[in-house]
């Protein structure tokens, strides 16, 4: 028996997504996966601790009902507008399976997953896993969002694509997009459009209202980054009830673990705490950006919890190694449009100082 | 814009899986979703509590590495034989996506998801979600597993089906299957064969060694039922590294939440505690079975943590309602092959007594 023959050809040919390293090295400063440097609110930790008991033997709420109710109240929509996932990554994958035909089933726009480059490196992986057709369009100068008329002129963007993703603020550049410019795209786009707001709490504006105004628009959010809950895997989508219900039909029945639901509910009860963290992260980001600029780096203005910077003296890939030698981990993406940059997660002020010290040492050598 | 047109026709036509009810009714005796009546080990709860801290801000181990290492050591295999999922349901869904072509892509055996009836009611839902072709063969008398020669004579079973599921012990009947008879099927089957051992800790034998002997055979296990961890969503597969690696490529990067991993690792450190629970559940099962039989019910011999019983005097569906009126929740499946039975989860002895009291009251009316 040839074992490979048991596996779908599509899957055999896949390359798995490579998540940022999670190494266990003593003293390592980890600025590579955009985790929040600050722990969750003590109230969240205490709510989770209180829920650790014999109820573990029971299934969690299958529809994350209490969490969805609270999200709906906060966002001024109905629970039928909300679906909760095992991290927003699960929901992004579900969206492709709900809205996009595999290329072997349907050609043309119905099979297209579309996004700008650079953006979240998971989109192509999810598209390939489903056997969808990828369509990419480069962002403009300084990672600007092309306007619908620019996109029409460029002819590459498909306004009827089954599914399009916009990372807003953009990752890995950190560039923020205004609600008004996003609305122009929402108006022009005929297929489903997901505004992936994973980093929006560090930005000037969010576009949530567009998901409630345009029936083909979905907002993706996560508790991982801004709310320091990476460990417990909770993300959500807001959108039209018909789209949400399609996603709901194809998710696993108990997709969100119980303590993740508890943690997310408690988070929403203590938003003031997190607003304090956002301010700290933003202050550190602005200081780091200006100090890096003063050292000659070209730093993209960021509205996220990371900065994207083109280094001087050595290539970005060399910087990656030199920083790692000094126990500082940042992220580097080897695509043509990103290979000249380092993505540096905003840590604590102490971590930023250590990073800047290392940069100065490397420059001085 | 017609919103339904944004959704794949396949998904539009789906009926979602209906999980057993999780109602919050005071005093309700919940014998409907095969949860364990006993809480997890105090050592597990304490390990989880200890892990509730600032580390929440960090991603969990993306490959569940410490848990996979421990599972490999216990099962006498390599970590490359093990994949961990967000409950075994996630892995069952991944298996269909990794090994089965949608019917729109490929006709014949390559698109077939095959299972016996009755068995786990999720299989057809997962097959439909993927657009696969379902092939079902009825179990034999008293839910016996047909032998390969019986299957050949029956002509309906496809020995080349891309993916076949055997629930062992069977759900909803509880019928246990021996390793030897399962091995006959493993030998005869050319496609991937998943032995779904969700309830195996309550059975006389398990078939784990078959997954290490036959490269097309995978064993599915879960921490939910026997290990009282429904709430935290952890299941796993054991199988050939090539099949495991195919599944690994298409799973979400951080599919298993951090505290679920912690809880599962701690569970494996305290297996003795759980063996005590298994004995208690089995003793209650045997007592409940014989008392129900003495009241005239036809009770299938069970090797699981539930019994499947054909009631007297009223139809099974009427019993469902009458029991619910007495705040006792059991499960009823309306398929032709199951509609005459009730599936009763084994609770505590006290719950079994309350259930039997209610049955006697209903019979006496």
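The values are calculated or read from the model by the stated rules, or taken from the named source; none is laboratory data. All figures in this text were calculated on a predicted structure; none of them were measured in a lab. In this analysis, Cβ positions are derived from the backbone assuming ideal geometry, glycine residues included, and neighbour counts consider all displayed protein chains.
Can you name the condition, by its number, that residue B:307 falls short on among (1) over 20 Å from the mean Cα position of the chain (by Cα); (2) surrounded by 20 or more Cβ atoms within 10 Å (Cβ to Cβ); (3) within 20 Å of residue B:346 (Cβ to Cβ)?
(1)
Only one of B:40, B:66, B:23 is in contact (Cβ under 8 Å) with a residue 12 or more places away in the chain and at the interface with chain A (Cβ under 7 Å from one of its Cβ atoms). Can you tell me which?
Numbers: B:66 fails: at the interface with chain A (Cβ under 7 Å from one of its Cβ atoms); B:23 fails: at the interface with chain A (Cβ under 7 Å from one of its Cβ atoms).
Checking each option against the conditions leaves just B:40.
All but one of (1) farther than 24 Å from residue A:203 by Cβ; (2) more than 25 Å from the chain's Cα centre (by Cα); (3) at pLDDT 95 or above hold for residue A:293; which doesn't?
That leaves (1) as the condition not met.
Are any of the residues in region B:58-70 farther than 30 Å from residue B:249 by Cα and over 27 Å from the mean Cα position of the chain (by Cα)?
Kept after step one, since they are farther than 30 Å from residue B:249 by Cα, are these residues of region B:58-70: none.
The answer is no; no qualifying residue exists.
Residues to consider are A:288, A:271, A:320, A:342; find the one that is at pLDDT 95 or above and farther than 29 Å from residue A:140 by Cβ.
Values: A:288 fails: farther than 29 Å from residue A:140 by Cβ; A:320 fails: farther than 29 Å from residue A:140 by Cβ; A:342 fails: farther than 29 Å from residue A:140 by Cβ.
Of the residues listed, the single one that is at pLDDT 95 or above and farther than 29 Å from residue A:140 by Cβ is A:271.
Please go through region B:344-365 and pick out each residue that is in a helix (DSSP H, G or I), within 12 Å of residue B:288 (Cβ to Cβ) and in contact with a strand residue (DSSP E or B) (Cβ under 8 Å, 6 or more places away or on another chain).
B:351, B:354, B:355
Can you go through B:199, B:236 and tell me which one is closer than 30 Å to residue B:160 by Cα, out of contact with any strand residue (DSSP E or B) (no Cβ under 6 Å at 6 or more places or on another chain) and in contact (Cβ under 8 Å) with a residue 24 or more places away in the chain?
Values: B:236 fails: out of contact with any strand residue (DSSP E or B) (no Cβ under 6 Å at 6 or more places or on another chain).
Answer to the selection: B:199.
With the condition kept exactly as written, say whether any residue in region A:263-284 is in contact with a strand residue (DSSP E or B) (Cβ under 7 Å, 6 or more places away or on another chain), crowded, with 24+ Cβ neighbours inside 10 Å and closer than 23 Å to residue A:35 by Cα.
Checked against the condition, which is being in contact with a strand residue (DSSP E or B) (Cβ under 7 Å, 6 or more places away or on another chain), crowded, with 24+ Cβ neighbours inside 10 Å and closer than 23 Å to residue A:35 by Cα, region A:263-284 yields no hits at all.
Taking the conditions exactly as written (more than 7 Å from chain A (Cβ to nearest Cβ) and out of contact with any strand residue (DSSP E or B) (no Cβ under 8 Å at 6 or more places or on another chain)), does residue B:209 satisfy them or not? So that I can check it myself, show each step before the final result.
Working: more than 7 Å from chain A (Cβ to nearest Cβ): yes; out of contact with any strand residue (DSSP E or B) (no Cβ under 8 Å at 6 or more places or on another chain): yes.
So residue B:209 fits the description; yes.
Please specify each residue of region A:338-365 satisfying the condition of being buried (at least 17 other Cβ atoms within 10 Å of the Cβ) and either farther than 23 Å from residue A:286 by Cα or under 23 Å from the mean Cα position of the chain (by Cα) (or both).
Selection gives A:338, A:341, A:342, A:343, A:344, A:345, A:346, A:347, A:351, A:352.
Could you count how many residues in region B:225-255 are facing another protein chain (nearest Cβ under 8 Å) and in a loop (DSSP other than H, G, I, E, B)? First the steps, then the outcome.
First, pick out the residues of region B:225-255 that are facing another protein chain (nearest Cβ under 8 Å): B:228-233, B:240, B:242-243, B:246, B:248-250, B:252-255.
Adding the requirement that they be in a loop (DSSP other than H, G, I, E, B) leaves B:228-229, B:233, B:240, B:252-255.
Final tally of qualifying residues: 8.
Among the residues of region A:297-315, is there at least one that is part of a strand (DSSP E or B), without any contact (Cβ under 8 Å) to a residue 24 or more places away in the chain and touching a helix residue (DSSP H, G or I) at 6+ places or on another chain (Cβ under 8 Å)?
Going residue by residue through region A:297-315, those that are part of a strand (DSSP E or B) are A:298-299, A:306-310.
Cutting the leftovers down to without any contact (Cβ under 8 Å) to a residue 24 or more places away in the chain gives us A:298-299.
Adding the requirement that they be touching a helix residue (DSSP H, G or I) at 6+ places or on another chain (Cβ under 8 Å) leaves A:299.
So far as region A:297-315 goes, yes, one or more of its residues are part of a strand (DSSP E or B), without any contact (Cβ under 8 Å) to a residue 24 or more places away in the chain and touching a helix residue (DSSP H, G or I) at 6+ places or on another chain (Cβ under 8 Å).
Quick one: is residue B:136 within 29 Å of residue B:10 (Cα to Cα), in contact (Cβ under 8 Å) with a residue 12 or more places away in the chain, surrounded by fewer than 20 Cβ atoms within 10 Å (Cβ to Cβ) and touching a helix residue (DSSP H, G or I) at 6+ places or on another chain (Cβ under 9 Å)?
Values: within 29 Å of residue B:10 (Cα to Cα): yes; in contact (Cβ under 8 Å) with a residue 12 or more places away in the chain: yes; surrounded by fewer than 20 Cβ atoms within 10 Å (Cβ to Cβ): yes; touching a helix residue (DSSP H, G or I) at 6+ places or on another chain (Cβ under 9 Å): yes.
So residue B:136 passes the test.
What's the number of the condition residue A:293 fails, among (1) more than 30 Å from residue A:61 (Cα to Cα); (2) touching a residue at least 60 places away in the same chain (Cβ under 8 Å); (3) more than 14 Å from chain B (Cβ to nearest Cβ)?
Tallying (1) more than 30 Å from residue A:61 (Cα to Cα); (2) touching a residue at least 60 places away in the same chain (Cβ under 8 Å); (3) more than 14 Å from chain B (Cβ to nearest Cβ), residue A:293 fails exactly one: (2).
Which pairs do you get when a residue that is more than 8 Å from every other protein chain (Cβ to nearest Cβ) and at negative phi, found in region A:1-16, comes within reach of a residue that is in a helix (DSSP H, G or I) and surrounded by 14 or more Cβ atoms within 10 Å (Cβ to Cβ), reach meaning Cβ atoms under 9 angstrom, with the pair 6+ apart or on two chains?
A:10/A:128; A:10/A:129; A:10/A:130; A:13/A:128
For region A:1-32, which residues satisfy the criterion of being in contact with a strand residue (DSSP E or B) (Cβ under 7 Å, 6 or more places away or on another chain) and either not assigned by TED's automatic domain parsing to the domain that holds residue A:305 or not in a loop (DSSP other than H, G, I, E, B) (or both)?
Passing the criteria: A:6, A:29, A:30.
Does residue A:320 meet the test of being farther than 26 Å from residue A:178 by Cα, without any contact (Cβ under 8 Å) to a residue 60 or more places away in the chain and surrounded by 15 or more Cβ atoms within 10 Å (Cβ to Cβ)? Let's see the steps before the verdict.
Values: farther than 26 Å from residue A:178 by Cα: yes; without any contact (Cβ under 8 Å) to a residue 60 or more places away in the chain: yes; surrounded by 15 or more Cβ atoms within 10 Å (Cβ to Cβ): yes.
Judged against the criteria, residue A:320 is a match.
Any idea which residue in region A:256-271 is farthest from the other protein chains (Cβ to nearest Cβ), counting only those that are under 18 Å from residue B:88 (Cα atoms) and part of a loop (DSSP other than H, G, I, E, B)?
A:256
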